[in-house]
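Reviewing the structure listed below.
Rule-based calculations on the coordinates, nothing more; no lab input. Predicted model only: the values in this text are computed from it and were never measured. Cβ sites come from the backbone with ideal geometry, for glycine too, and all protein chains shown count toward neighbours.
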Amino acid sequence: MSGWRRKDLLDIRSLDAAEITRILDTAEAFKQVGTRDVKKVPALRGRTMVNFFVEPSTRTRTSFELAALRLSADVVNIAATSSSLTKGETLKDTARNLEALHADIIVLRHSAAGASKFLAERLAASVINAGDGAHEHPTQALLDTFTIRDRFKRVAGLHVVIVGDILFSRVARSNIWALTKLGAKVTLVGPSTLVPRAFEEFGVRVERRIEDVLPEADVVNLLRIQHERQKLEYFPGLGEYTNLFGLTKKRAALLKEDCLIMHPGPINRGVEIDSDLADSGRSVILDQVTNGLAVRMAVLYLCAGAQGGTKGDGSQDQVIAAGKEATV
Amino acid sequence: MSKLVIRGGRVIDPASGRDEIGDVFCVDGRIATAEEFEVANGVSTNLDARGRVVTPGLIDMHVHLREPGQSAKETIKTGSEAAAAGGFTSVVCMPNTSPVIDDPSAVTWLNSRIERDACINVFPVGAITRRLAGEELTPIGSMVQCGIVAISDDGRCVQNHGLMRRAVEYARMFNIPVVDHCQDYSLVGEGVMNEGHWSCVLGLAGWPAIGEEMMVLRNILLAEDCDSPIHCQHMSCAGSIRHIREAKKRGVKITCEVCPHHIALTDETIQEFDPAYKMNPPLRTQRDIEALIEGIADGTVDILASDHAPHCAYEKEVEFDYAPFGILGLETELSLFLNILVHERKAIDLPRLVAMFTSEPARLLGLDRGTLAPGSPADITIIDPDVEWIYDVGASKSLSRNSPFHGWELKGRAVRTIVAGRTVFSL
């Protein structure tokens, strides 16, 4: 196993296939921690993780918090509304203050693309990108890929269709990188205003009629469609969206028997996806949530282990996941 | 009487068509003929310019000196010193200060500061609309009486075409050009970098080229309709050059300028989310660079300028979305243009480069500068076109340090800058 050398996880675009696979394999080891009575391993005992969510979130934040707690780390949550950012403190100063408190890991969600890189360049602590503007959401793509691999035992050669607002989606971008690096075929479907042809330069297909691609899909990943006022310039409303791109029962009948239905959540029932379909056997939406925990444990463990240049060569992974102390 | 002679340099004076090895004579701060120099009393300062190029003092018609109100970024004093260090004897400063230069009292204040603090000539530009809000015209005539050389809402752009038309018609009375930062807000939206492959990769809001082109076309129509000159600032894309080229063929009074960063860098540099590469208009693609250079080579582009835009270090050390637009330019522009246009691409020759910094802006703005004709103010720049040097932004005369060119190896620079016969900068 190659050594994991990154103290931060900022994006998928700079990772190679071996690194992505390393994370997925490590997540595999951590997956069964959640099935035990005592859902803890001592891997990050004594370390401090700060959930710094400048852009609010409950699901991702809780997922990271649980992941850290299961690794025995101490967790602190900072939300933008209650932080000094509202008093005009810059991100740089906030970060320096966190470092002065000896935080080991900072999980950052921010509305500005590049924000986690900004922090990572300035801190010795590990910085994990939990979503930076429309740029990337690495752990989401990793858990999506993990879920696909878990069901199909592979990623290469599968056809993954991503539907919705790609232009403003960090989930889409991270998924495109992860899937193409692992050899999957990716097709994007959505309105031309939200899925511009420029995406074809990423090595993916762009289609406009969802019916055309559903029969060939192994996975359909539905993105949440946002409907703020600014977006009205891009498409005329939820009704039109559902009419053209919603996964209705009729459209779902076109899918292959074993095609997976995925969604990063939270779902808009009746918009991206028919309500009953969201609860059907083909939907792995809840598996994604469970897998998210394991993936985040893996990411926290690997990145914290790479601080100060230590090589995480994986020899201790199984031991640590089994709940035993790693030998130094 | 003070006397100055600069001997043996390659004297390039596009305004008079002069390009030869020769001498330049100055008496009492004005260019003089050899005879006038002979008969004048006093001891002469003699400068040996052999191996150098001697030109009229260079003019940068697009700088931000940040006074009044933003003197942490730059002052008239430090900005003029940076200009002198870059070889410039005259700059034209934009009105988007705090407060905006939008009435005669502001122009008067600015002039008194320039008088007191500037080591070179500084020509003020007045705003087109009050507070740059794009709604009401400023008292343009009264500001002209106080000495503005043009009007511009630079930093902003008048969106209301009807209002812009009135401004252009009105400016016609005073023979001053309207200078425009071409940006259609409805097309550009929140854009922070060129809309293209890289904005798609990075998830940053795109600033499409047509956002500039739309206003270039607007300006062409108005310049033609009002028969009055409009100057398009910092052209950044191929389409803009194409529109201007076509309009010039028809004789429309449209001119344009290019800044060095738009031919030295592409949007690919933004991969690390470094705000050092955040400008307005943004860096674009190699294809745009080729079109800009072609436009400079065939004369579509009239003028070169820097859009010198100082910002405090802490202002640029933030998330890319939040950083202010702009970089320093005065101390690097001559070298960058020399390197790219003359040395590397051979797109233009040295006399044309000099013209784009002297006779062209002087003609557009009606300045009695940019020439070595006898009687003109003795504003002179001496250039070593081949000296190799490395730009160290830490040694800049500017108060600010926001330049992406720090550490660049450059060939050619101004070695002496003379204003009214007195040296204000020498290497």
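Given the -39500 (n - 2.57) contribution per DSSP H run of 4+ residues, what per-residue ellipticity at 222 nm results for chain A, rounded to the nearest 500 deg cm²/dmol? Let's see the in-between values first.
On the way: 12 runs with 118 residues, N = 328.
The helix contribution divided over chain A gives -10500 deg cm²/dmol.
Give me the dipole magnitude in Debye, nearest 20, for the stretch B:287-427 about the Cα centre, with unit charges on the beta carbon: positive for Lys and Arg, negative for Asp and Glu.
I would put it at about 540 debye.
At 15 angstrom or more along the helix axis (alpha-carbon based) and mean Kyte-Doolittle of -0.5 or higher, what helices does chain A contain? Whole DSSP H runs only. Numbers along the way, then the final one.
Values: long enough: A:17-31 (21 Å, 0.17); A:59-70 (16 Å, -0.43); A:138-152 (21 Å, -0.25); A:170-181 (17 Å, -0.22); A:285-305 (30 Å, 1.16).
The qualifying helices are A:17-31, A:59-70, A:138-152, A:170-181, A:285-305.
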Please compute the modelled spin-label separation between B:HIS343 and A:ASP25, points set 7 Å along Cα→Cβ, answer in nm with one decimal. 5.0 nm
Per-peptide average of other Cβ atoms within 10 Å, ordering B:80-93, A:192-205, B:98-111 highest first: B:80-93, B:98-111, A:192-205
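Determine the dipole magnitude for the stretch B:148-263: charges of +1 sit on the beta-carbon of Lys and Arg, -1 on that of Asp and Glu, nothing else is charged, the reference point is the Cα centre, and the result goes in debye to the nearest 20.
Values: 11 positive and 14 negative charges, 77 e Å.
About 380 debye.
Mean separation of Cα pairs under 8 Å and 6+ residues apart, divided by the residue count of chain B: what relative contact order is that in percent? Mind dumping the intermediate values first?
Working: 1063 pairs, mean separation 85.7, N = 427.
Relative contact order of chain B: 20 percent.
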For a label point 7 Å along the Cα-to-beta-carbon line of A:SER111, residues of the stretch A:30-62 with backbone N under 19 Å: A:52-61
Pair A:LYS87, B:ASN111: separation of 7 Å Cα→Cβ label points (nm): 4.7 nm
So what are the ³J(HN,Hα) numbers for the stretch B:205-222, from phi and the Karplus equation (6.51, -1.76, 1.60; θ = phi - 60°), rounded to whole Hz, Gly and Pro as x? 4, x, 10, x, 4, 5, x, 7, 4, 4, 6, 4, 5, 4, 5, 4, 4, 5
Can you give the local net charge around B:ASP225? Use residues other than it whose beta-carbon is closer than 13 angstrom to its beta-carbon, Lys and Arg +1, Asp and Glu -1. +3
Projected label distance in nm at A:VAL38 and A:SER275, using a 7 Å step from Cα toward the beta-carbon: 4.5 nm
For B:VAL387, list long-range residues whose amide hydrogen, built 1.01 Å from N in the peptide plane, is under 5 Å from its own amide hydrogen. B:GLY412, B:ARG413
Quick check on the protein assembly as shown: of the DSSP beta bridges with both residues there, what percent are antiparallel, nearest 5%? 35 percent
Projected onto the charge dipole of the stretch A:43-193 (unit charges on the beta-carbon of Lys, Arg, Asp and Glu, signs +1, +1, -1, -1), the Cα from A:SER63, A:ILE78, A:TRP177 with the largest positive-side position is that of A:TRP177
Amide H neighbours of A:SER169 under 5 Å, counting only residues 5+ apart in sequence or on other chains, H built in-plane at 1.01 Å? none
Could you work out the relative contact order of chain A? I mean the mean sequence separation of Cα pairs under 8 Å and 6+ apart, divided by the number of residues, in percent. 25 percent
Options B:GLN70, B:ALA15, B:CYS26, ranked by Cα towards positive dipole end of the stretch B:4-119, top entry (Cβ charges): B:GLN70
So, with +1 on the Cβ of K and R and -1 on the Cβ of D and E, and no other charges, what is the size of the charge dipole of chain B about its Cα centre, to the nearest 20 debye? 720 debye
Using alpha carbon centroids, what distance separates the stretch A:112-128 and the stretch B:42-81, in Å? 40 Å
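Sort the following peptides by mean Cβ neighbour count (other Cβ atoms within 10 Å, averaged over residues), highest first: B:43-55, A:93-105, B:301-313. If you can, show how the numbers build up before the last one.
Details: B:43-55: 17.8, A:93-105: 16.1, B:301-313: 24.5.
Going by the mean number of other Cβ atoms within 10 Å, highest first, we get B:301-313, B:43-55, A:93-105.
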Mind checking A:114-125 for the average number of partner chain beta-carbons within 10 Å of each residue's beta-carbon? 3
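Sum up the charges of everything whose Cβ sits under 14 Å from the Cβ of B:ALA127, counting Lys and Arg as +1 and Asp and Glu as -1, but leave B:ALA127 out. Write down the numbers at each step before the final one.
Numbers: positive: B:ARG130, B:ARG131, B:ARG156; negative: B:ASP102, B:ASP103, B:GLU135, B:GLU136, B:ASP153, B:ASP154, B:ASP180.
Net of charged neighbours comes to -4.
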Helix B:104-117 sits off the longest principal axis of the Cα atoms of chain B, rounded to the nearest 10 on a 0 to 90 degree scale, by 40 degrees
For residues of B:193-200, the mean tally of beta carbons on other chains within 10 Å: 3
Measure up A:LYS117/B:LYS316; A:LYS92/A:LYS181; A:LYS185/A:LYS256; A:LYS39/A:LYS92 against 24 Å on the Cα-Cα distance and list the ones that go over. A:LYS92/A:LYS181; A:LYS39/A:LYS92
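Over the stretch A:61-131, what is the relative contact order in whole percent, taking alpha-carbon pairs under 8 Å and six or more residues apart? Write down the numbers at each step before the final one.
Working: 53 pairs, mean separation 18.3, N = 71.
Relative contact order comes out at 26 percent.
Please compute, for peptide B:184-192, the average count of beta-carbon atoms on other protein chains lying within 10 Å of each residue's beta-carbon. Intermediate values should be presented prior to the final figure.
On the way: counts 0, 0, 1, 0, 0, 2, 1, 0, 2.
Shielding by partners across B:184-192 averages 1.
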In the neighborhood of B:ILE59, defined by Cβ-to-Cβ distances under 9 Å, what is the net charge if each Lys or Arg adds +1 and each Asp or Glu adds -1? -2
With θ set to phi - 60° and the Karplus curve 6.51 cos²θ - 1.76 cosθ + 1.60, what are the ³J(HN,Hα) couplings of the stretch B:370-375 in order, to the nearest whole Hz, using x for Gly and Pro? x, 8, 9, 5, x, x
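Going by average Cβ density within 10 Å per residue, which order do the peptides B:340-346, B:4-10 take, highest to lowest?
B:4-10, B:340-346
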Which far-off residues, 5 or more places away or on another chain, put their amide H under 5 Å from the one on A:LEU9, with H placed in the peptide plane? A:VAL127, A:ILE128, A:ASN129
Output row, site B:THR33, 7 Å Cα→C-beta label point, backbone N cut-off 19 Å, window the stretch B:358-376, residues B:371-376
In chain B, what % of DSSP beta bridges are antiparallel (nearest 5)? 50 percent
Sites matching trypsin sites (Lys or Arg not before Pro) across the stretch B:272-334 that sit in DSSP coil, with at most 15 neighbouring C-beta atoms within 10 Å: none
